[in-house]
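Every read-out reported here was derived from the displayed coordinates using simple, explicitly stated rules and does not represent laboratory data. Just so it is clear, the structure is predicted and the values come from calculations on it, not from any experiment.
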Amino acid sequence: MAREIEDKYLLTSDAWRELVHESTRISQTYLLGTRRLTVRTRLEQSRPAILCIKLAARTDGTPEYEWQIPTWCARLCQTWSSRTLSKVRHRITWGTLTIEVDEFDGELDGLIVAEIEKPSVGYPYDKPTWFGQDVTNDKRYKNSRLVKTGLSN
């Protein structure tokens with residue numbers, strides 16, 4: 001089991017685009033979403049398909065389990081569930097960390113969110129000037145919620 005420890009921000013400009021070293025298309029299909037548990041599949045260009053189970057967030061991060069699954073299985077899940085997000089993920093090296101900027105498609109077209117994964121809670125890092133509002137604890141920006149309600153309250 002891994003722990004996902006990340007901060008999430010809205011962006012104030014497109015200055016990040018010139019720093020991107022990798023971009024891939026991702027589709028995430030949500031099979032189950034409750035307060036305690038989220039189950040989803042992820043298809044990403046040139047990477048294995050993933051089944052992911054995330055438990056409720058805690059102060060020391062979000063417990064997360066991931067397994068590689070056959071691509072056909074993830075595609076089959078997309079046919080069963082209408083809750084699929086589509087986005088392009090851009091990766092940026094930021095010191096020893098990685099920033100992932102997600103540009104959403106479809107009903108969420110125009111939404112761009114950056115996440116910076118940290119090795120521990122409280123890990124210090126310099127924020128880029130293009131990081132805007134911190135939405136780390138704003139449930140409206142959780143992918144599992146966006147796929148259900150969009151950006152509504």
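How much length would be gained if the chain were fully extended between E117 and Y65, taking 0.36 nm per residue of separation minus their Cα-Cα distance, in nm to one decimal?
Values: separation 52, 0.36 × 52 = 18.72 nm, distance 1.61 nm.
17.1 nm is the gain from fully extending E117 to Y65.
Using only Cα atoms, tell me the angle between helix 71-80 and the longest principal axis of the chain; keep it within 0 to 90° and round to the nearest 10.
80 degrees
Determine the calculated [θ] at 222 nm for the chain from helices alone, applying -39500 (n - 2.57) to every DSSP H run no shorter than 4 residues and normalising by the residue count; nearest 500 deg cm²/dmol. Display every interim value, and only then the final one.
Numbers: 2 runs with 17 residues, N = 153.
Taken over the chain, the calculation gives -3000 deg cm²/dmol.
Compute the length gained on full extension between S81 and V20: take 0.36 nm times their separation in residues and subtract their Cα-Cα distance, giving the result in nm to one decimal.
On the way: separation 61, 0.36 × 61 = 21.96 nm, distance 3.16 nm.
Extending this stretch completely gives an extra 18.8 nm.
Take every Cα pair under 8 Å in the chain that's 6+ residues apart, average their separations, divide by the length, and report that relative contact order as a whole percent. Before the final figure, lay out the partial values.
Values: 306 pairs, mean separation 46.1, N = 153.
Normalised by residue count, the contact order of the chain is 30 percent.
Expressed as a whole number of Å, what is the distance separating the alpha-carbon centroids of region 40-72 and region 81-134?
16 Å
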